[in-house]
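Trainee: First the structure, then my questions, so here it is.
The values are calculated or read from the model by the stated rules, or taken from the named source; none is laboratory data. Note that the structure is a prediction, hence the values are computed from the model and not measured. Note that each Cβ is placed from the backbone with ideal geometry, even for glycine, and that neighbours are counted across all protein chains shown.
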Amino acid sequence: MNPIQLAGTAASIGGAALANKVLAASWKKITGNEPPASNPDPDERWRDIIVWAMLSGAVATIIKVGITRSAVVYDSKRKEKHGGQEEI
């Protein structure tokens, strides 16, 4: 794994974590409740658990894919600029 791929992986993990924090704050502001936990309270509604899981999973996946694709495009353009040679 080259440095660009490592940076892309780190950025996607960080971006997903940041998005999750923003999403959790938005959830709390809209619903007035904390987002469902990974070990849910028996009083939590299934609807809230399912919506939270779908929403947080979709946002994290979109961010990870977007950042990874950007890193791949950057890396291929960088290699193209240097005649296909891998920098060491």
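Trainee: Touching a helix residue (DSSP H, G or I) at 6+ places or on another chain (Cβ under 9 Å) and among the hydrophobic types (A, V, I, L, M, F, W, C), is that true of ILE62?
Mentor: Yes; evaluated as a whole, the condition is true for this residue.
Trainee: How many residues are at pLDDT 85 or above and of a type outside the set (Lys, Arg) if we restrict to segment 27-43?
Mentor: Total meeting the criteria: 8.
Trainee: Please work out if ALA24 is surrounded by 13 or more Cβ atoms within 10 Å (Cβ to Cβ), at pLDDT 90 or above and either of a type in the set (A, V, I, L, M) or in a helix (DSSP H, G or I) (or both).
Mentor: yes
Trainee: Let me ask something additional. Looking for something part of a loop (DSSP other than H, G, I, E, B), within 24 Å of ALA7 (Cβ to Cβ) and of a type outside the set (A, V, I, L, M) - is there at least one such residue anywhere in segment 41-60?
Mentor: Checked segment 41-60: no residue is part of a loop (DSSP other than H, G, I, E, B), within 24 Å of ALA7 (Cβ to Cβ) and of a type outside the set (A, V, I, L, M).
Trainee: Something else: Give VAL51, VAL59 a once-over and let me know the one that is surrounded by 14 or more Cβ atoms within 10 Å (Cβ to Cβ) and free of Cβ contacts under 8 Å to residues at least 24 places away in the same chain.
Mentor: Answer to the selection: VAL51.
Trainee: Among the residues in segment 78-85, are any in contact with a helix residue (DSSP H, G or I) (Cβ under 8 Å, 6 or more places away or on another chain), at pLDDT below 90, under 24 Å from ALA7 (Cβ atoms) and not in a helix (DSSP H, G or I)?
Mentor: yes
Trainee: Criterion first (out of contact with any Asp or Glu (no Cβ under 8 Å at 6 or more places or on another chain), surrounded by 12 or more Cβ atoms within 10 Å (Cβ to Cβ), among the small types (Gly, Ala, Ser) and modelled with pLDDT of 90 or more) does GLY66 satisfy it?
Mentor: When the stated conditions are applied, GLY66 passes them.
Trainee: Okay, next question. Give the residue that is farthest from LYS77 (Cα to Cα), with candidates limited to residues of segment 1-21 that are among the small types (Gly, Ala, Ser) and in contact (Cβ under 8 Å) with a residue 12 or more places away in the chain.
Mentor: So, considering only residues that are among the small types (Gly, Ala, Ser) and in contact (Cβ under 8 Å) with a residue 12 or more places away in the chain, the one farthest from LYS77 (Cα to Cα) is ALA19.
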